[in-house]
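Bear in mind these aren't lab numbers, they're just calculated from the coordinates by the rules spelled out. Note that the coordinates shown come from a computational prediction; the quantities given were computed from them, not determined experimentally. FYI the Cβ positions are ideal-geometry reconstructions off the backbone, even for glycines, and counts take in every protein chain you see.
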Amino acid sequence: MYQLPLLSNQYKRPGMILFLLSLGLGIIAFIKNWEPSFLQYDFSNKNSEGSLSEVFGGSFLFTSQGNFTDEILILGIIIGGCLWGFSKEKEEDEFLNHIRLSSLIWAFLINYLLIMLCTIFIYDFWYLNVMLFNLITPLVIFLIRYNYLLIKIRNVE
C-alpha cells in the first residue's frame, strides 16, 4: 500500500483555524479595502546613503510604498490551507488517499475551467483580480470537495 507523504495529524486543526481566519479577514480586506496602519511600509527613501533604493538604482521594488495586509493574508490562506488539506486523518487508509487525489484533480480541472471563462469574459484591471484569486482557488476547491466527501463518507458509516 502506497502512502502519500502527508503531515502529522496535529497540524490539521491549527491549519484550519489559520485558513478560515485568513480567508475571512481577506474577504473583509477585499470588500472594505481594509489595511491596518501598522502594516504600512515605505521604501522610497532615495536620499540616504547606502539605502536599498540606491543599491538597486532607485527603480526596483524598494522605491515603493504600500501595505503588507494582502501578502500576509495570502500567506496565511496558503499555509493554513496546505496544513489543513495535507495533514493525515486520525485513521489514514488507501480510500482516503484516493479521495484526496481525486479532490485535487477536481480542484485543478474546475480552476482551469474558471480561468478559461474569466479569460473570455473579464478584461482590463478586473482580470488582475481574477489572477489574484487564482492563487487560492485550487486550494479552496480542494478543501471544499475533500471535506464534503469526508462528511458524506462519515454519515454513511
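Any idea how far apart Phe133 and Asn9 come out in nm if each label point goes 7 Å out from Cα toward Cβ?
Reported label-point gap for Phe133 and Asn9 is 3.6 nm.
Sticking with the crude label model, points 7 Å out along Cα→Cβ, report the distance from Asn97 to Leu117 in nm, one decimal please.
If labels sit at Asn97 and Leu117, their model points lie 3.4 nm apart.
Based on the Cβ-Cβ distance from Asp42 to Arg154, what FRET efficiency comes out when R0 is 35 Å, to the nearest 0.05? Spell out each step's value before the answer.
Working: r = 51 Å, r/R0 = 1.46.
Efficiency, rounded to the nearest 0.05: 0.10.
Test of understanding: what is the full-extension gain from Ile28 to Lys88, defined as 0.36 nm times their sequence separation minus their Cα-Cα distance?
Details: separation 60, 0.36 × 60 = 21.60 nm, distance 3.06 nm.
Full-extension gain reported as 18.5 nm.
At 7 Å along Cα-to-Cβ for each site, give me the label-to-label distance between Asn67 and Ile17 in nm.
Calculated label separation equals 2.6 nm.
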